[in-house]
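**Q** This is the structure, below, for whatever I ask next.
The values are calculated or read from the model by the stated rules, or taken from the named source; none is laboratory data. Just so it is clear, the model here is predicted, and its values are computed rather than measured. Here the Cβ positions follow ideal geometry from the backbone for every residue, glycine too, while neighbour counts run over all protein chains shown.
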C-alpha cells in the first residue's frame with residue numbers, strides 16, 4: 001500500500017490543506033465543487049530512489065508551519081489508538097495492488113484527463129490501518145511534555161514508535177515491567193534504561209552490519225571501530241584517604257604488575273566499591289553510613305592485610321573479588337543492598353571473561369579498555385551491557401561510548417551518532433513479513449552538521465533499501481534544510497508556509513528554482529528558507545545601528561572616526577556594504593578622514609593588482 005493524497009479539513013490549527021504525498025500522481029481538491037482531480041506526474045521515474053522504495057516525499061517548511069502536525073495527522077489516521085481523530089471532512093487516497101482507492105465521508109466527483117485514471121471508493125477506513133505498518137521516527141525531545149501519557153497510553157495504537165520521547169518511557173517499562181509514569185522514579189532511572197537500550201540497539205546494528213559486510217555490502221556510514229569502556233570513580237571526600245589506601249593495598253595483594261587486563265579488573269573492583277559506598281549513603285543517609293556502613297572501607301582494607309591471594313587456574317582476579325564481596329559485604333548488616341551486590345558480582349564475572357578475550361585492548365592508565373568491534377562477540381557484548389545497566393541506577397561507575405579510536409575520547413560526531421541511532425532503531429523493530437512499510441521521520445536533519453545534511457538522503461535511502469529490501473517502503477520526511485531539498489526532485493516535495501495563522505501549501509519556490517541537484521547556496525537565497533537575506537541577525541542589527549548612528553551626525557572628525565567608527569566598519573565582510581558605509585562617513589567628514597578612506601582604498605587596490613599580476617605570471621608559465 002502507498003498513500004497518495006490527504007485532504008485535511010481541520011486538525012490542530014491546520015485547515016483545508018491538500019497534501020500530495022505521491023511521487024507518481026498529482027491531486028487537487030476543489031472544496032467548493034467537491035471535485036478531486038488527478039493527473040500523472042510528468043517527471044515520475046519508477047524505482048528512482050530504490051527498487052524497494054515506492055516513493056519518498058519531503059515536507060519542507062519553516063518553523064511553525066505545521067510539518068510535525070501533518071506527520072502526527074498521518075500517524076493518528078493510520079493508528080487504531082484510543083484518540084485517533086475523527087475528521088469527517090477528510091479525504092484519503094491510497095494505492096494497493098495496483099489499484100487506486102479513496103475514502104471520504106461525503107460524496108465527491110473524480111476527474112482525470114480523458115478519464116484515464118480510475119479510483120475506487122471504499123466504505124470502511126478501518127481497513128486502511130491493516131494494509132501497512134506505520135513507523136514514526138523522531139530525535140526531538142520536549143521536556144515540557146515529559147510526563148505526558150500521550151505515548152504509552154495507547155494513543156498511537158500499533159504504530160512502531162521509534163521517537164526519543166516515546167523510548168524514554170518505553171525502554172524503562174520494557175526493561176523493568178514497572179509503570180514508567182511512576183512519579184517516584186528519577187530522571188536517572190528513566191534515562192539509564194534508555195541509554196542501555198540505545199547502546200544495545202547500536203550493538204545489534206553492528207552485528208547485522210558484520211553479517212552484511214561479510215557478504216560484500218558496505219554500510220553507508222563508517223561504523224565505529226571501538227566500544228570504549230572507561231571507569232568513573234565517584235567523589236567521596238569522607239572516605240578519600242581510606243579508599244586511596246585500599247587502592248594501594250589491592251595492587252600489593254593481587255601482585256599482578258605484569259598483567260594489564262587484571263589491573264583493569266582491579267580498577268573496576270575499586271570503582272564498584274566507591275559506587276557501593278555512595279549507594280549506601282544515598283539510601284541510608286549520612287548519619288547511618290557514618291555509624292554502620294562507614295566500616296566498609298576498613299573491613300576491605302583489613303581483608304587485604306590479613307589474607308593471601310589465591311591463584312586461580314583461569315588467571316583472573318574475578319573469583320577472588322567474589323570472595324571479598326561475600327566475606328565482607330554479604331553480612332546481615334548490609335542486607336539492604338544484597339540484590340545490588342549480586343548484580344555487581346554478575347557484572348564483574350561477565351566483564352572478567354570478556355576482558356581476557358583477544359578483542360580487548362587495555363589503556364596505559366589501566367582505567368579504560370577498548371573493545372575491537374570487528375573481533376568482539378556481539379552477543380557477549382550485549383549481555384555485558386545488559387548486566388551493567390541492572391546495577392547502574394543512582395551513580396554509575398562504568399561509561400560506555402563508541403569511537404573510531406582506542407583509548408581516546410569519543411571521536412564520533414553528534415551527526416554520526418544521530419545517524420547510527422536512527423539506523424539502530426529501524427534495525428531493532430520487528431515487522432510483519434510482506435506487509436508494506438510507511439516510514440515517517442520528523443526533523444530529519446536534526447543534530448546533523450551541514451555535511452551530514454548533504455549526505456543524509458543518500459545514506460538513509462541506501463540503508464532502507466538494504467535493510468528492508470524485501471518490503472515495499474514509502475518514506476515521508478519533514479525538514480527545513482536546503483541541503484535535504486537539493487536531493488529531492490520537485491514533484492516529491494511539499495512546501496509549507498505559515499500564512500494568516502494557518503498552514504499554506506506552496507506549489508514551488510518563489511524563484512521557481514528546480515530542487516534536485518540545485519546549488520545549495522541558491523536554494524538558501526530563496527525567501528522560502530531565509531527572510532532578510534543570508535546575513536546573520538546579530539550582524540544585521542549591528543550594521544543597522546552603525547548606519548543609524550552615522551546618520552545622526554552632522555560632522556565626523558578624524559578622532560571620532562578612528563575611535564568610534566573605523567574598527568566597526570573594518571570588520572564588515574561584505575565589500576559593497578563596507579564601501580557604502582565609508583561613503584556615508586566621507587560625506588560628513590573633513591579632508592583628513594577622506595584621506596584615511598582613500599589610503600585604505602588604495603591599499604585594497606594595490607592588493608588586487610598584486611593578485612592580478614600573480615595570475616598573469618601563472619598563465620604565462622603554463623602557456
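**Q** Just wondering, is there one or more residues in the range 579-589 that are without any contact (Cβ under 8 Å) to a residue 24 or more places away in the chain, assigned to a loop (DSSP other than H, G, I, E, B) and out of contact with any strand residue (DSSP E or B) (no Cβ under 7 Å at 6 or more places or on another chain)?
**A** So far as the range 579-589 goes, no, none of its residues is without any contact (Cβ under 8 Å) to a residue 24 or more places away in the chain, assigned to a loop (DSSP other than H, G, I, E, B) and out of contact with any strand residue (DSSP E or B) (no Cβ under 7 Å at 6 or more places or on another chain).
**Q** Just to check your reading of the model, which residue among 256, 229 is buried (at least 16 other Cβ atoms within 10 Å of the Cβ), under 30 Å from residue 381 (Cβ atoms) and at pLDDT below 70?
**A** 256
**Q** Quick test for you: out of 370, 470, pick the one residue that is over 20 Å from the mean Cα position of the chain (by Cα) and assigned by TED's automatic domain parsing to the domain that holds residue 269.
**A** 370
**Q** Let me ask something else. Take residue 427 and tell me if it is assigned by TED's automatic domain parsing to the domain that holds residue 232 and touching a helix residue (DSSP H, G or I) at 6+ places or on another chain (Cβ under 6 Å).
**A** So residue 427 fails the test.
Rundown of residues vs (1) farther than 17 Å from residue 26 by Cα; (2) surrounded by 17 or more Cβ atoms within 10 Å (Cβ to Cβ); (3) touching a helix residue (DSSP H, G or I) at 6+ places or on another chain (Cβ under 9 Å); (4) at pLDDT 85 or above, yes/no style:
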{"position": "78", "(1), (2), (3), (4)": "yes, yes, yes, no"}
{"position": "85", "(1), (2), (3), (4)": "yes, no, yes, no"}
{"position": "92", "(1), (2), (3), (4)": "no, yes, yes, yes"}
{"position": "101", "(1), (2), (3), (4)": "no, yes, yes, yes"}
{"position": "110", "(1), (2), (3), (4)": "no, yes, no, yes"}
{"position": "134", "(1), (2), (3), (4)": "yes, yes, yes, yes"}
{"position": "140", "(1), (2), (3), (4)": "yes, no, yes, no"}
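**Q** Moving on. Take the residues in the range 457-500 that are farther than 28 Å from residue 417 by Cβ and without any contact (Cβ under 8 Å) to a residue 60 or more places away in the chain, then tell me which one is surrounded by the most Cβ atoms within 10 Å (Cβ to Cβ).
**A** Here the residue is 499.
**Q** Considering only residues of the range 335-358 that are crowded, with 19+ Cβ neighbours inside 10 Å and touching a strand residue (DSSP E or B) at 6+ places or on another chain (Cβ under 9 Å), which is nearest to residue 273 (Cα to Cα)?
**A** Applying the filter and picking the extreme gives 347.
**Q** Ok, one more. Based on this model, can you work out whether residue 247 counts as in a helix (DSSP H, G or I), modelled with pLDDT of 80 or more, in the same structural domain as residue 397 (by TED's automatic domain parsing) and within 17 Å of residue 234 (Cβ to Cβ)?
**A** Yes: the conditions hold for residue 247.
**Q** To continue, here is another question. Just checking, which of 369, 341 is touching a residue at least 60 places away in the same chain (Cβ under 8 Å), in a helix (DSSP H, G or I) and farther than 30 Å from residue 98 by Cβ?
**A** Residue meeting the stated conditions: 341.
**Q** Give the range 17-48 a look and list any residue that's free of Cβ contacts under 8 Å to residues at least 40 places away in the same chain and over 19 Å from residue 117 (Cα atoms), or say none.
**A** Within the range 17-48, 31, 32, 47 qualify.
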